[in-house]
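The values are calculated or read from the model by the stated rules, or taken from the named source; none is laboratory data. No experiment lies behind these values; they were computed from the predicted model shown. Neighbour counts are summed over all protein chains in view; Cβ atoms, including those assigned to glycine, are modelled from backbone coordinates with ideal geometry.
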Amino acid sequence: MSVRRRTVLGAGLAVVPVLASGVARAGGEGDLRATDPGSYISFTGGAFSLVGAPVVVSAEDHPGVVRVAGDLRDDIERVTGVRPGSTIAPSPVLVGTIGRSPLIDGLIEAGKLDVSGVRGRWETSLQTVVDHPMPGVERAFVVAGSDPRGTIFGAYDVSYGIGVSPWYWWDDVPPVHRDAVWVRPGRYTQGTPAVKYRGIFINDENPALGTWAPAYFGPGKATGYPGGFNADFYARVFEVLLRLKGNYLWPAVWGRAFAEDDPENHRRAAEYGIVMGTSHEAPMMRGIEEWNRHAGAGRDPFGGTGEWSYRRNAAAIRAYWRAGIQRMVDEGFEGVVTLGMRGNGDTGLPDGDGIELMQEIIAAQRQIIEEVTGKPAAETPQVWTLYKEVQRYWDRGLRAPDDVTVVLTDDNWGNIRKHPDGARTGGYGLYYHFDYVGAGRNYKWVDTAHLCNVWDQLHQAHAYGNHGLWVANAGDLKGNELPTEFFLNYAWNPSGWPLERLGEWERRYARQNFGPVREAEIASVLAEYGSLQARRKPELLNRRITSADGKVVYDDRQTPFSFGHRELERVTQEWRELGSRAERIARRLPSRLQDAWFELAGYEVTATANLYALREAEFTNLLYAKQGRAATNDRAAQAEAALARDFTLADRFNSSVANGKWKGFQTQPHIDYGDVDRYGPNAGWQQPEKDNVALPDVLFPAVRRIELPEAAELGVSVDGAEDAGQWWPGGATGEASLPAFSPYQTCPQQYVEIFNRGRTPFDYRVESSVPWLVVDCPRGRVEQQVRLEVRVDWTRAPAGRAEGSLTVTGAGTSVQVGCTAQNPPRRGLRGFVEAGGYVAIDAEHHDRAVGQWRRIDGIGRTGAGMTPWPVTSPRQTPGGSSSPRLEYEVSLLTGPGEVTVWAYVSPRNPALPTGGLRYAVSFDEAAPQAVDINEGADDGLMNTTWARHTSDNINATATTHTLTKTGVHRLKFWMVDPTVVLQRLLIDTGGLPALYLGPLESRRI
């Protein structure tokens, strides 16, 4: 905002209280209702009709308020088809700022407008209908703000209430037409934001945003600098940010300089009322690209030159920083100044990480701030962001001055690294990611944020007192609409969105963008999409991460999902079904919503489902090629067809949607990761540098085609083989055998696959050696391959352990498949029953919970998660009758002896000052065994173990237990630290299969 208002809008980062719904306060607030956004709007009747009502604002108000009145007129016209005027009439809408608008102040002085509960607060608005507010006016709807941004947010809240989506421009969302729009009687407010500064970081913007924006918006006014990211572009960013009740921005940085690409950029930010900042790598209100353009080339007009090293080039860097603060003062924009220093290019300092050097840097920066502004440094908002290696300074005891806001961060994958530790005048902030470039792999293509995981982490931040400044890396912004909106909604009012309202939030999001008719169906698809994406980022579908001798091994030519137990098929089918649901919704939506649907949901769901189908066909092709199957080349063709469809979907986004408005936007590579031969040593995690090259060259690993002999040749593969590539008679050693059958298996069928290794079809037959072993289709003909379901008839199977076999005959060859049935006594079994050498338990299915625990639906890769509650609970010593724990009754049939218990927990960091992140496990009355899930890691960031945990979205740790008997046991999972989220427990009694998600949950009696 303007300089003369900075003492009101920009000083300090103290938290102001939020108005609570339904709470009567002193000073006339008893009738002031804190409401959800826009809930005072009605389409059936009320105290004031908005149709045709002129929207009036004083020219003396802040420019951003004058501008937003124009947006409100546009929005009313969008909804009603009637264009409002802008002059006083018998029933106007009056928009203005307390203490700045003569219109509003006149109403207050005349006793017509009660602003108690709003006046003097931060960014707070009042919406109310006033009778006879002034001569000649019968009734007015008043939107009054405590400060200019409060007024702006109040006006946009009306727009939201009448049905204009914040994404109306960015995603071409048309509102529902309304012939009647009313304001209900009463005094309404959306309260005061819980987090003072709330914003986004436009980052990693190439190639998508960086391709589209220059073509759409053209160059800035500074000749010679990259186009597109000019004041007209940022005006669209500022508007959606304000519509979402955000107030803060880190601008794009990849080869871009906000202040120079268009000299209007800062002025436009001030006009809109946006607070500008710079990212963690760009101190003192200067983007790092400015240094690269000028100082790095030896021609900085502000006096800097040479290398980006404070140790070796301090004078030049101080001059460079001074110019940044001087520009903020001269141009009069509101800013939050970033302190500290990182290396050029988002890296660690080349000078090393000595505490004394960082102390010197921060002291020099604050001295510059005082000298340039002429005020104590504490009167200029400042942040120090503990990003990546910078957190080590804090861990070693370095503290910024108390008035500085310390911005804590996540680990780039949505898991917060540190919570506040002790009170600070400047408070704390949060830097969070919905997009990232770096290890274990870039994720930039589509939205992969999991809403319940985001909620859990934001809830923790709020609960531990982090309220100063929150900023989310939103990537290209377009593509991350849902998590960005939720992030800013939650930052405004955390208490308004408790866990049990997440489904309601998703329905509201669906209704706002697609209307009320299919809101529940659309919300269900969005929720399922988030849950499935949480299993693994789509960029990682051709990378398997394993441990060998304590080392993490990456293989970019393997699928992370197993062929065994049909895991790859199962997850692909789940995506296929979700894609079908999305396509059904698209067919049922009216034509006017087709563009918005494709942009906000349809593309990301359909394209990801297609990518899973591509990967299944691709990796099945490679497996089949090793086995010489006749179906090999068909799978190659399926993979290439899916690749072509991927291109077609992107082309629709770029060419057809909104009449080509988004040309060039859908250009983010997401398939060719890992091709070291083509893209060099960083190909393992960095995106490919080439986009859609000629088919099928972009597909990595490349599919294979084989030449088949004319003659038929029998091949047999079996379910659950230790090596999925094994086949009989010629491709494996040892006898073919199926995993043991049990009446307690989750899936009672297993399969034998008969395949042809030649071009000539052949007849087959399968003979069982025992009557209890049943094959669904024992005779038939094989063109390419046939899958036979095998089951046990338990009414005929003998008690205990029994052996049998299947003999598969075809093309003149026979293969024997061994089968075992384990038919234990049924009496006395309780709980989850062992079958196949393991017990698999989803965390929410406990028999008993001692202490407070919270179920978070959908947070696990296969279901809900359980976490101690509240998240601020103190560390516990496990053991004793009252110690918090979850208990699971299990029946183990193997033993007595040693078993291993694997706990799958969310990949959290040791964010609390107590250090470590622990749980404990025990059986029956044995002493609990404590586990620190991050033990052995360094600071939990940028190491291979961390990369595995975040890529897999679990941290799997194990304990070993010696049991003295078979039968019923009670498995106990003990709380030690809060913030642990348990997803699954797996008991390995000797047969636990190596599956990415783990086996399906065991049967429970």
Tally time: how many residues in segment 735-757 are within 30 Å of VAL890 (Cβ to Cβ) and in a strand (DSSP E or B)? 4
Here is a check on your reading of the model: is ASP114 touching a residue at least 60 places away in the same chain (Cβ under 8 Å), in a loop (DSSP other than H, G, I, E, B) and not hydrophobic (A, V, I, L, M, F, W, C)? yes
Note on GLU205: of the conditions (1) at pLDDT below 95; (2) surrounded by fewer than 24 Cβ atoms within 10 Å (Cβ to Cβ); (3) not assigned by TED's automatic domain parsing to the domain that holds PHE48, unmet is (2)
Can you say whether ARG4 is among the charged types (D, E, K, R) and at pLDDT below 95, as far as the supplied structure shows? yes
Residue in segment 589-609 that is closer than 30 Å to VAL716 by Cα, surrounded by fewer than 23 Cβ atoms within 10 Å (Cβ to Cβ) and touching a residue at least 12 places away in the same chain (Cβ under 8 Å) present: no
Output the qualifying pairs, or none if there are none: Cβ atoms under 8 angstrom, residues six or more apart or on different chains, first residue in segment 647-676 and at positive phi, second residue among the basic types (Lys, Arg). GLY674/ARG543; GLY674/ARG557
Number of the condition not met by ARG970 [criteria: (1) outside the structural domain of ARG908 (by TED's automatic domain parsing); (2) of a type in the set (D, E, K, R); (3) out of contact with any Pro (no Cβ under 9 Å at 6 or more places or on another chain)]: (1)
Determine, yes or no, whether ASN480 is under 12 Å from the mean Cα position of the chain (by Cα) and closer than 14 Å to THR385 by Cα. no
Could you say which residue among ARG198, ARG187 is buried (at least 23 other Cβ atoms within 10 Å of the Cβ), touching a Phe, Trp or Tyr at 6+ places or on another chain (Cβ under 7 Å) and modelled with pLDDT of 95 or more? ARG198
Considering only strands (runs of 3 or more DSSP E) fully contained in segment 812-877, which possess at least 3 residues that are under 30 Å from the mean Cα position of the chain (by Cα) and either among the aromatic types (Phe, Trp, Tyr) or crowded, with 19+ Cβ neighbours inside 10 Å (or both)? 838-842, 865-868
May I ask you to list the residues in segment 974-1005 that are assigned to a strand (DSSP E or B) and touching a helix residue (DSSP H, G or I) at 6+ places or on another chain (Cβ under 8 Å)? none
Within the set of pairs 6+ apart or on separate chains, which have a first residue in segment 437-461 that is within 18 Å of TYR554 (Cα to Cα), a second that is surrounded by 23 or more Cβ atoms within 10 Å (Cβ to Cβ) and basic (Lys, Arg), and C-beta atoms under 6 Å apart? TYR443/LYS537
Can you name the condition, by its number, that THR760 falls short on among (1) part of a loop (DSSP other than H, G, I, E, B); (2) within 30 Å of GLY800 (Cα to Cα); (3) of a type outside the set (Gly, Ala, Ser)? (2)
Can you tell me which residue within segment 52-82, out of those that are assigned to a loop (DSSP other than H, G, I, E, B) and within 39 Å of the chain's Cα centre (by Cα), is surrounded by the fewest Cβ atoms within 10 Å (Cβ to Cβ)? GLY81
Being out of contact with any Ser or Thr (no Cβ under 8 Å at 6 or more places or on another chain) and of a type in the set (Asp, Glu) is the filter; apply it to segment 421-469 and report the residue that is farthest from GLY503 (Cα to Cα). ASP421
